[in-house]
Structures are given as structure tokens and as C-alpha cells.
1. Given region 17-129, what helices (runs of 4 or more DSSP H) lie entirely inside it while holding 3 or more residues that are exposed (fewer than 10 other Cβ atoms within 10 Å of the Cβ)?
2. When you check Thr38 against the structure, is it at pLDDT 80 or above and among the hydroxyl-bearing types (Ser, Thr, Tyr), yes or no?
3. Filter region 130-141 down to the residues that are assigned to a loop (DSSP other than H, G, I, E, B) and open to solvent by 100 Å² or more (accessible area, probe 1.4 Å), then identify the one that is modelled with the lowest pLDDT.
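The values are calculated or read from the model by the stated rules, or taken from the named source; none is laboratory data. All values reported here derive from a predicted model rather than from experimental measurement. So basically every Cβ, Gly included, is an ideal-geometry build from the backbone, and we count neighbours across all protein chains shown. Heads up: the accessible areas ignore ligands, DNA and RNA and are worked out on the full protein's heavy atoms, side chains in. Shrake-Rupley method; radii C 1.70, N 1.55, O 1.52, S 1.80 Å.
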Amino acid sequence: FRDEQAFLSLLGDRDDALGACELLCSYLKQRGRFVSRTLSYQDASFRTVHVPLPQSFTTLYDEASSVWAQVMSLVQSDSSNTELVNSAWGCHQRFFGQMLLAAKVDSVVRDAEDALREGMCVVIGLQSTGEASLVRSSEGE
């Protein structure tokens with residue numbers, strides 16, 4: 001192919017092309033013909049920062065907790081539907097995980113802007129333990 005566009009034009013519209021590229025990469029990687037690289041950690045520094053939360057967030061968190069307590073109480077009142085209970089619990093966990101992540105955004109942006117002004121490169125990593133996936137796979141789901 002003369003360039004990336006020539007290759008992508010053969011695959012169809014944008015959504016189809018991206019999916020096809022992902023499949024192609026998986027195929028090539030399985031055969032040892034494609035290597036995916038990550039950023040080097042050499043000379044990188046890492047830190048965990050305690051972010052004090054404003055009272056407005058604490059109030060919002062308390063209100064959300066109250067709503068979720070009501071939702072979970074209703075869902076668990078029909079405990080015979082374990083699929084519903086498990087699904088609601090998962091939604092509950094994701095909601096609070098995202099809410100806590102959102103509470104840190106302003107602080108992360110300030111730190112990143114400061115680092116950029118100092119001529120540094122900024123990489124922001126959002127990690128998960130993957131515990132839920134591990135539990136699902138161990139349960140045979």
C-alpha cells in the first residue's frame with residue numbers, strides 16, 4: 001500500500017476499518033509478526049497524591065450514597081434474582097469508582113499543566129487491579 005489511507009480505503013467506512021485493523025493486529029501478533037510497544041519507564045517518576053475533596057463533593061457523595069442505598073435495598077428485596085443483584089452491585093461499584101476518579105481531575109490537570117510549563121512530558125495512567133475480571137474468569141464466566 002502506498003500509504004495508510006490507501007490501506008484503510010480498502011476496508012470500508014471508518015468504524016469497519018478500525019475493527020478490521022484491530023483484527024489484523026491480533027492476527028499478526030499471534031503469528032509473531034507484530035510487536036506492540038509501550039512507553040519506557042526509564043527516568044520516569046511516579047507518585048500517588050492525596051487529593052483533598054471540597055465540601056461540595058463530599059455532599060454530592062453522601063447524596064449519591066443515599067440514593068444507591070435505596071436502589072440496592074429495592075434490588076436485594078428480590079434476592080431470588082441473583083443476576084439482577086450482581087448486575088446492580090457491579091453498576092454501584094463502577095459508579096463510585098468513576099465518581100472518585102472525577103473528583104481527582106482538577107488536581108491532575110493542575111499538576112500536568114505545571115509539569116508542562118517546566119518542560120516535562122506528562123503521561124497520566126488510569127489503572128485498575130483487574131480483580132473483577134480475575135474473579136469472573138475463576139468462576140468460569
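1. It comes to 55-76.
2. For Thr38, the condition - at pLDDT 80 or above and among the hydroxyl-bearing types (Ser, Thr, Tyr) - is not met.
3. First, the residues of region 130-141 that are assigned to a loop (DSSP other than H, G, I, E, B): 130, 139-141.
Adding the requirement that they be open to solvent by 100 Å² or more (accessible area, probe 1.4 Å) leaves 139, 141.
Numbers: Glu139: 61, Glu141: 49.
The extreme case among them is Glu141.
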